[in-house]
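Take a look at the structure below.
The values are calculated or read from the model by the stated rules, or taken from the named source; none is laboratory data. Model, not experiment: these values are computed from the prediction. We place every Cβ from the backbone using ideal geometry, glycine too, and count neighbours over all the protein chains shown. Protein only, heavy atoms only, side chains kept; ligands, DNA and RNA dropped before computing areas. Shrake-Rupley method; radii C 1.70, N 1.55, O 1.52, S 1.80 Å.
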Amino acid sequence: MATKKKTKKTQIQLVKGMKDILPDEQLYWQAIKEKVFKAARDYGFSRIDTPAVEFTNLFKRTVGEDTDIVSKEMYSFVTPGGDKLSLRPENTAGVVRAYIEHGMLNLPQPVKLFYVGPQFRHDKPQAGRYRQFWQFGFEAIGDDDPVIDAQVIAISYNILKELGLETEVQINSVGDKESRSAYMKILKQYYQDKKKDLCVDCKKRLTKNPLRLLDCKVAKCRELALEAPQMVDHLSDDAKDHFMAVLEYLDEMEVKYNLDPTIVRGLDYYTRTAWEIVELGNEGKLQALGGGGRYDDLAELLGGRPTPAVGFAMGMERIILKMQENKIEVPKIKDYDVFVAQLGIEARKKAMKLFEELREDDFRVTESMSKKGLKDQMDIANKRGAKYTLIMGQKEISDGTVLIRDMESGVQEIIDYKKVKNELRKRLEKKNQDA
Ligand code: HAM
């Protein structure tokens, strides 16, 4: 009989552009999410989760067919049933779809929603740029008052400030429909005799999407963009008053901002206020930590009623990268009050039972039952921040007792097994009062 030759399997690796988030880094994620949840509570935003998969048309109609995101970067596929779907490259369109679909128009306006979730763009991977990346975002739908724009901007700015990052908002107005079509003509005229100096992409943009000429990063195009006529000088009276009011509120809230006429954003749905948020001192050089703006026409593009709205999203990997670069420490999770330690097989069985009882009674309890030595277990108890360790050995089992060790002072006492919970509660309460 022929023997089967064993071949070594090739190792399957992480897909290019994706990222594993390992336990050590989770502390950063936790810290960011805590600030996001706190801001949501403070400013009255409710959580929404929409699916990672949507109809491709959702993004074509809103983000725009000619944008890089839709034309080059979407993970699109056709299902066996023939549906044309895409992994979401961003979350705003999905949130507005849900707002319309679930009749949120009938709720008191604005409806304030926030999300935390992965997005997908098949872009060229580099530091701070992934193909699956996480965003948190805040959207206020159903109100066009400039105070909402300013408040939403302040939320993004304050979350970063509370995380220890000094940032600046690069802000512009991309005008309303009326002012924008007039401005596009002026912009096209300006670029007409400079066409030969533009990069290949910008030559295409000139006919398809002239506003995007302003945020091209190619040196020559950037030079021309800085000299170009500015949208803010061609705003309708309404759009101008709106923008001025946003800036006044920002002044009042002491949000650092900088007027930047080249901020036009890479998505087509914006109207009026548009902004990006960057680390202070890194303007122009750095990828944005977040961006947002008003999107008053988006609901209509999806078949809804006219619904003014404003929001932003931030890239969580980029925030973490900046926090690490700036050596910002995040609090270690010290979630435990009690460690249950055991010595010997019989004691281990009893200790497992004690651990389950404490857990069911909501003690913040932890263990490492596979470890045999007391020193190893004490080290783990210390690392996890336990205030007390309960030690059970052969002697304690025979006597019906437990040894309780105060991890700070090192003092150990024998207590009756039956009284363990009461004793622990009393001692923990006292420790918390003294702290
Ligand atoms: P966005 O500017 O395309 O806007 O993305 C927002 C943020 O997501 C960026 O500033 C960046 O931090 C992060 N980001 C984008 N692409 C990547 C990537 N490939 N890798 C890592 N991070 C990335 C939007 O998505 C809009 N939906 C924002 C919005 C909400 N506007 C109104 N409401």
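A few remarks follow.
- Candidate set: region 175-209, residues that are of a type in the set (A, V, I, L, M, F, W, C) and part of a loop (DSSP other than H, G, I, E, B); chosen: the one farthest from D68 (Cα to Cα): L198
- Of the set (1) within 30 Å of A93 (Cα to Cα); (2) among the aliphatic types (A, V, I, L, M); (3) outside the structural domain of Q109 (by TED's automatic domain parsing), all apply to A313 but (3).
- Test: D176 is at pLDDT below 95 and under 20 Å from M244 (Cα atoms): yes
- In this entry, D237 is excluded by the filter for residues that are open to solvent by 20 Å² or more (accessible area, probe 1.4 Å) and within 16 Å of the ligand (Cβ to nearest atom).
- Filter result for P108 (in a loop (DSSP other than H, G, I, E, B) and closer than 22 Å to D20 by Cβ): no
- None of K195, K185, K217 is closer than 27 Å to L301 by Cβ, outside the structural domain of V63 (by TED's automatic domain parsing) and free of Cβ contacts under 8 Å to residues at least 24 places away in the same chain except K185.
- Residue match in region 303-322 (condition: touching a residue at least 60 places away in the same chain (Cβ under 8 Å), near the ligand (Cβ under 10 Å from one of its atoms) and among the hydroxyl-bearing types (S, T, Y)): no
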